[in-house]
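*Asks:* Input: one structure, supplied below.
The values are calculated or read from the model by the stated rules, or taken from the named source; none is laboratory data. This structure is a prediction, so every number in the text was calculated from the model and none was measured. Counting neighbours? That spans all protein chains shown, and the Cβs are built from the backbone with ideal geometry, glycine included. The accessibility values were calculated without ligands, DNA or RNA, using every heavy atom of the protein model including side chains. Shrake-Rupley method; radii C 1.70, N 1.55, O 1.52, S 1.80 Å.
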Amino acid sequence: MDLFDSAEISLDKTQEAKRRIDDLRFDIMRHNALYHTEDAPEISDAEYDLLVGELEKLEEEYPQFKSKNSPTQKAGAAPKRGFETCAHKVPMLSLSNAFSDEDMKEFVIRIQKFLGKDEFIPLYGELKIDGVSCALHYEGGKLVKALTRGDGKVGEVITENVMTISDIPKELPEGFPQDIEVRGEVYMRNDEFEELNASQTEKGSKVFANARNAAAGSLRQLDSKITSERPLKFFAYSVVDGRIHGFASHSKELDALDTAGFALPPEAELIEDEVALYKHYQRILTKREQIAFGIDGLVYKVDDLKLQVRLGFVAKAPRWAIARKFPAEQVTTVLKDIEIQVGRTGVLTPRAVLEPAKVGGVTVSHATLHNEDYVKDLDIRIGDTVFVERAGDVIPKVRSVVEAKRPDGTVPFEMPKECPVCGSHVVRPEGEAATRCINHLDCPAQVEAGILS
Ligand code: IVH
C-alpha cells in the first residue's frame, strides 16, 4: 500500500468515527430525555452505559471531535414541562463508573498520583441507591425548597411534593447547621413498588419498569396529592460545602445527618486498604437480594473533605468519587414468541421466547409471563421490545413493554382454546387466574410431568 492509500483509509476511518460520534450523541441525548424527563426509558441502564462508554472511548481516540455539548460532558436532561425551574448553587454532578476490580485499582492509583501520595487514600463505601437525586434547601432550620437534579445546572422545583415524604425532616434540630443544602436520593422499596404496580395494573394505569421509574414518576407529579399517595422514601448522602459547615470528613458529615434525623443508606463502611475495597463490593453483591430497595452499585468517596476539595472535578463528575456498578438486572430485548407450557396439574402457562440477551450475568432466552391476565394487563405482544428482569437466582420475568418500539401489525395475546399438547378443551373457571387442560388422565404433558415430578 502506498502512502496515498493509507492516508485515504485513515481519513475514511476518521470520517466514520465522526459519524458514529454524532449518532451516539444523538441517541444518548434522546435516551437522557426519555429517562430523566419522561420517566419512560426505551433501553436498560446497562445498554445506556455501553453507548456512553463507546462515545467516551471515541472522544478519547479522536480529541479533535471533543465538544462541550457532548452528553459525556453533561449530567441529566432538560426539566419536565410544567415545573418551575431553579439554578443549583453548586452543580449536581454524576459519577464516573467502574465495572471491575481493575477499574477500581485505576481509580485508587489515579487519586494517589493526583495527590502525590504513596499510601491508600481512605474511602467511604456506600450503597448506590437506584432512585432520583434530590437537593433539599434549609434556611433558618426549615425546609424551604427542594430541587431535582435536572440537567445538573438547573433543576425542577418539587418542594410541595417533597413535603409529602415522611422521612424527610422538615425542620432541623439545634446544633446542626441551619442554612444548609442536603442531597440524597428519593427511592421506593421493592415491596411497595410491587404493590404500586399491582394497583396501577388494576386501575389500568401506567405500569413502571422498575422502582426507580416509579419513584421518578411519583416525585415529578404536577399534583402533589398523587405524590402523597405514593410510598416514597429518602436517603441522605451528602451536604453541600461540608467543609465550610465545619465537617472534616464525609463520614462525620453523615454522622451529623444521622443525628439530625435523616435516614442514611445502610451497609456503609470506611475502607482503609485495597483488599477491604474488593471485599466490601463482594459482600454487598452477595446480599443484594436481601436489600429492601434497588441499588445499582456502590459509591466510593474520598473520606477526607480537604482531599476532596484538592481533587476537585472533571467535566461532569468529581475526581474524588466513583460508582462501582453491579451487573445489570434488567435488559431490553425482543419477544420472538409466546409459547404455552402445560404443567403436571394441567395449568397452561405462557412463556416468553426471547432474542437471547445477557442479564444478571447469564444469557436468557426465556422468561415467565405468569398467566393470561399478566400478558393481557401489560398488553405484551409478539414482536414487542420488552424489559426483562433477572434478580439473583429468580426466574427471569418480562416486566414491561416499550410501547414506542412496537412494530406494525402486532396483535393482542389470546390464550389458546385447546391444550397445545393433547388438543383437549381448556377451561378457566370464573375468579381463577389459571387456565387448565381438562384431560387429566390422557394429556401426555400431565402424565409425563406427573412422572417426572
Ligand atoms: S454521591 C457528585 N452517593 O448516583 C455526585 N450519589 O451517577 C455525588 N446516587 O445523581 C453523588 N446513591 O443521585 C452519591 N450514595 C450515593 C448515591 C448517589 C445514588 C446517585 C446520585 C447521582 C448518581 C450519580
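*Asks:* Which condition number in (1) surrounded by fewer than 20 Cβ atoms within 10 Å (Cβ to Cβ); (2) more than 15 Å from the ligand (Cβ to nearest atom) is the one that Asn161 fails?
*Replies:* Asn161 satisfies every listed condition except (1).
*Asks:* Take segment 49-63 and flag every residue that is within 21 Å of Val388 (Cβ to Cβ) and either of a type in the set (Asp, Glu) or open to solvent by less than 60 Å² (accessible area, probe 1.4 Å) (or both). Walk me through how you get there before you give the answer.
*Replies:* Initial filter on segment 49-63 (within 21 Å of Val388 (Cβ to Cβ)): 49-51.
Hits for segment 49-63 are Asp49, Leu51.
*Asks:* Confirm whether Glu174 is outside any strand (DSSP E or B), open to solvent by 40 Å² or more (accessible area, probe 1.4 Å), touching a strand residue (DSSP E or B) at 6+ places or on another chain (Cβ under 9 Å) and at negative phi.
*Replies:* Working: outside any strand (DSSP E or B): yes; open to solvent by 40 Å² or more (accessible area, probe 1.4 Å): yes; touching a strand residue (DSSP E or B) at 6+ places or on another chain (Cβ under 9 Å): no; at negative phi: yes.
Answer is no for this residue.
*Asks:* Based on what the data block shows, is Ile340 more than 15 Å from the ligand (Cβ to nearest atom), touching a strand residue (DSSP E or B) at 6+ places or on another chain (Cβ under 9 Å), in contact (Cβ under 8 Å) with a residue 60 or more places away in the chain and outside any loop (DSSP other than H, G, I, E, B)? Even if it seems obvious, please write down each step before you answer.
*Replies:* Values: more than 15 Å from the ligand (Cβ to nearest atom): yes; touching a strand residue (DSSP E or B) at 6+ places or on another chain (Cβ under 9 Å): yes; in contact (Cβ under 8 Å) with a residue 60 or more places away in the chain: yes; outside any loop (DSSP other than H, G, I, E, B): yes.
Yes; evaluated as a whole, the condition is true for this residue.
*Asks:* Now, a different point. Take segment 380-394 and flag every residue that is open to solvent by 30 Å² or more (accessible area, probe 1.4 Å), under 13 Å from Ala352 (Cα atoms) and assigned to a loop (DSSP other than H, G, I, E, B). It would help to see each step written out before you state the result.
*Replies:* Just the residues of segment 380-394 that are open to solvent by 30 Å² or more (accessible area, probe 1.4 Å), to begin with: 381-382, 389-390, 393-394.
Among the residues that remain, those that are also under 13 Å from Ala352 (Cα atoms) are: 381-382, 389.
Of everything in segment 380-394, those that are open to solvent by 30 Å² or more (accessible area, probe 1.4 Å), under 13 Å from Ala352 (Cα atoms) and assigned to a loop (DSSP other than H, G, I, E, B) turn out to be Arg381, Ile382.
*Asks:* I would also like to ask the following. Can you confirm whether segment 301-313 contains a residue that is free of Cβ contacts under 8 Å to residues at least 40 places away in the same chain and closer than 27 Å to Asp103 by Cα?
*Replies:* We begin by selecting, within segment 301-313, every residue free of Cβ contacts under 8 Å to residues at least 40 places away in the same chain; these are 312.
Those still in the list that are closer than 27 Å to Asp103 by Cα too: 312.
Scanning segment 301-313 turns up at least one residue that is free of Cβ contacts under 8 Å to residues at least 40 places away in the same chain and closer than 27 Å to Asp103 by Cα.
*Asks:* Could you list, ordered by first residue, the pairs with Cβ atoms under 8 Å in which the first is in segment 105-131 and among the aliphatic types (A, V, I, L, M) and more than 16 Å from the ligand (Cβ to nearest atom) and the second is open to solvent by 50 Å² or more (accessible area, probe 1.4 Å) and in a strand (DSSP E or B), at least 6 apart or interchain?
*Replies:* Ile121/Asp304
*Asks:* Would you call Arg230 within 16 Å of the ligand (Cβ to nearest atom) and either under 23 Å from the mean Cα position of the chain (by Cα) or at pLDDT below 95 (or both)? Please lay out each step first, then the result.
*Replies:* Values: within 16 Å of the ligand (Cβ to nearest atom): no; either under 23 Å from the mean Cα position of the chain (by Cα) or at pLDDT below 95 (or both): yes.
When the stated conditions are applied, Arg230 does not pass them.
Conditions (1) open to solvent by 40 Å² or more (accessible area, probe 1.4 Å); (2) away from the ligand (no atom under 13 Å from the Cβ), marked per residue:
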position	(1), (2)
Ala276	no, yes
Lys279	yes, yes
Arg283	yes, yes
Glu289	yes, yes
Gly294	no, no
Leu298	no, no
Asp304	yes, yes
Leu311	no, no
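*Asks:* Same structure again: Show me the helices (runs of 4 or more DSSP H) entirely contained within segment 187-244 in which 1 or more residues are closer than 21 Å to Ile295 by Cα and not polar (S, T, N, Q). Spell out how you get there, then give the answer.
*Replies:* On the way: elements: 190-203, 211-219, 224-228.
So the answer is 190-203, 211-219.
*Asks:* Working only within segment 232-248, note down all residues that are crowded, with 18+ Cβ neighbours inside 10 Å and touching an Asp or Glu at 6+ places or on another chain (Cβ under 6 Å).
*Replies:* Within segment 232-248, Lys233, Phe234, Phe235, Val239, Gly242, Phe247 qualify.
*Asks:* Let me ask another. Of all residues in segment 201-212, how many are surrounded by 18 or more Cβ atoms within 10 Å (Cβ to Cβ) and more than 13 Å from Asn190 (Cβ to Cβ)? First the steps, then the outcome.
*Replies:* Filtering segment 201-212 down to residues surrounded by 18 or more Cβ atoms within 10 Å (Cβ to Cβ) leaves 207-212.
Right, trim to more than 13 Å from Asn190 (Cβ to Cβ) and you get 207, 209.
Residues flagged as surrounded by 18 or more Cβ atoms within 10 Å (Cβ to Cβ) and more than 13 Å from Asn190 (Cβ to Cβ) within segment 201-212 amount to 2.
*Asks:* Out of Glu403, Glu339, which single residue is more than 23 Å from the chain's Cα centre (by Cα) and surrounded by fewer than 16 Cβ atoms within 10 Å (Cβ to Cβ)?
*Replies:* Glu339
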